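Shown next, in structure tokens, is the structure this report addresses.
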Amino acid sequence: MRAVLLAVAATCASAFMAPSPVSLSRRPLRLSQSRSAAVRVPRASPVMMANIKERTVRAPVFDEVCEQTGITLTRYMMEVSRANPELRDLESLISGIQQACKTISSLVDRATITGMVGYANGGGSINVQGEEQKKLDVVTNDVLKRALRFTGKVGIIASEEEDVPVFNKDAYKVPGGEGKYQDVTVDIGSKYVTVFDPLDGSSNVDANIPTGTIFGVYEEAESMENCMVNDDSVEGSCLLNTLQPGDALVASGYCLYSSSCMFVFTIGAGVNGFTYDRSIGEFVLTHPNIQLPKRGKIYSMNEANRWDWDKPLQDYVTAIQTGQGQTKAKYSSRYIGSMVGDVHRTLLYGGIFGYPADKKNKDGKLRLLYEAAPMSFLMEQAGGLSLTGKTRIMDLVPQKVHQRVPFLAGSYDDVMEMRSYYDACDDPEIIKRCLARLEGSAK
Ligand code: FDP
């Protein structure tokens, strides 16, 4: 059991004192060991915390590699489950997700040919977050739900396109069966909770700009049975089991739909990237053990919001633009406006990408559960760091499925340099927000 809560409290505590040293361990990552009496230590419910375990995941070994196919994702997962029998069920789950990604890749590729562009239902289809749904948002959500259902390993899903997490009886409807449901296809005792954004960056999709699928996999908590058997209590129990902190993630990753289609993921033993080889219909390992450069030269944020950002962030960005940051280099700017693309570039080239808080959106724009936490797991596994500004995102326990959180992530030294501006700031409003997020995170 990890002492996450102390680390959580300590991250804000340093708002009241000099910045403290940061040490990087696999998990948990502690930003500071110091605590202030002014900070209440939040308490999390047993369900939320139950699944935060120290995991030792053995990396797969490949004695022999086929020259024609290389190491496919399918083989990679076979070796993972051979080396880690306790992760056996993850093999079918990742297989389901990769199958969905191949389908979504093809849907996105052919969208302008098949007419799958524009808004769902001719416009006016609004998701729970008030965003207008694209045709592809709806279809890709369905593709993923079904693929996960077919694995038999996923009890609950939470998606950007679903109002609440569901044990997803809709996914079990018999096609054309007038509300009839198939027998439950989830294997008892081997269920995961899967969170995802089926098509992130979809506002860009009609313009052929990269998009992606983001996913995170949690183990179900012990009290999951209610979520399964009793329709009336489904919602509350599903909700409770879904709201787990990033530190409880078993796996996370994304699929990038761009000039090539890539599947990048972690099971807690580093980050690996696979490129889709359409000629054999397989993802092939092309980016083994991705390591974020400790420093980069790129910053990536929507600068239209600059004048509404927190003052510490404005000062930090000014410093790296003008060559007055720690490295004295003048940073360059890149911003796709599609999180998966921006994260992918940051993982490979380094630097810092973010969607920070601003005056209007005090919690930024990105969603904690199915965007920020899964991407933070990847960033940390690649040797980087992911913060709200001061707080480590993996520590936060979501209060709501669609909760937003400021997100600033990338090269370890760049993110720490950014944080030092927040550490030096004593603006009571920023400190209050930070504490509220942490205290809220454990109610
Ligand atoms: P989108 O609305 O197109 O789905 O998740 C939301 C997101 O895209 C991210 O992919 C992206 O980083 C961000 O919004 C871009 O927001 P701005 O247009 O406000 O820059």
- request: Count the DSSP beta bridges whose two residues both fall in the range 292-443, then state the antiparallel fraction as a percent rounded to the nearest 5.
  value: 70
Tail weight of P(r) past 22 Å, computed on alpha-carbon pairs of the range 298-442, percent: 32
- prompt: Setting aside same-chain residues fewer than 8 positions from K102, which aspartates and glutamates have a Cα under 18 Å from its Cα?
  reply: E91, D137, D142, D197, D200, D277, E282
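Arranged from highest to lowest average of other beta-carbon atoms within 10 Å per residue, in what order do the peptides 357-369, 62-74 appear?
So the order, starting with the most tightly packed, is 357-369, 62-74.
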query: Hey, what's the range 298-442 come to in accessible area per residue, 1.4 Å probe, Å²?
result: 32
- prompt: Under a point-charge model restricted to the Cβ atoms of Lys and Arg (+1) and Asp and Glu (-1), what is the dipole moment magnitude of the range 267-404 relative to its Cα centre, in debye to the nearest 20?
  reply: 420
query: Considering only V264, F274, N305, whose Cα is most displaced toward the positive end of the charge dipole of the range 260-335, charges sitting on Cβ of Lys, Arg (+1) and Asp, Glu (-1)?
result: N305
- request: Using Cα positions and a limit of under 23 Å, work out the lysines in reach of K330, with same-chain residues fewer than 8 apart set aside.
  value: K294, K297, K311
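The values are calculated or read from the model by the stated rules, or taken from the named source; none is laboratory data. Note that this is a predicted model, so its numbers are computed, not measured. Virtual Cβ from ideal backbone geometry, glycine too; neighbours counted across all protein chains shown. These accessible areas exclude ligands, DNA and RNA; they are computed on the full protein's heavy atoms, side chains included. Shrake-Rupley method; radii C 1.70, N 1.55, O 1.52, S 1.80 Å.
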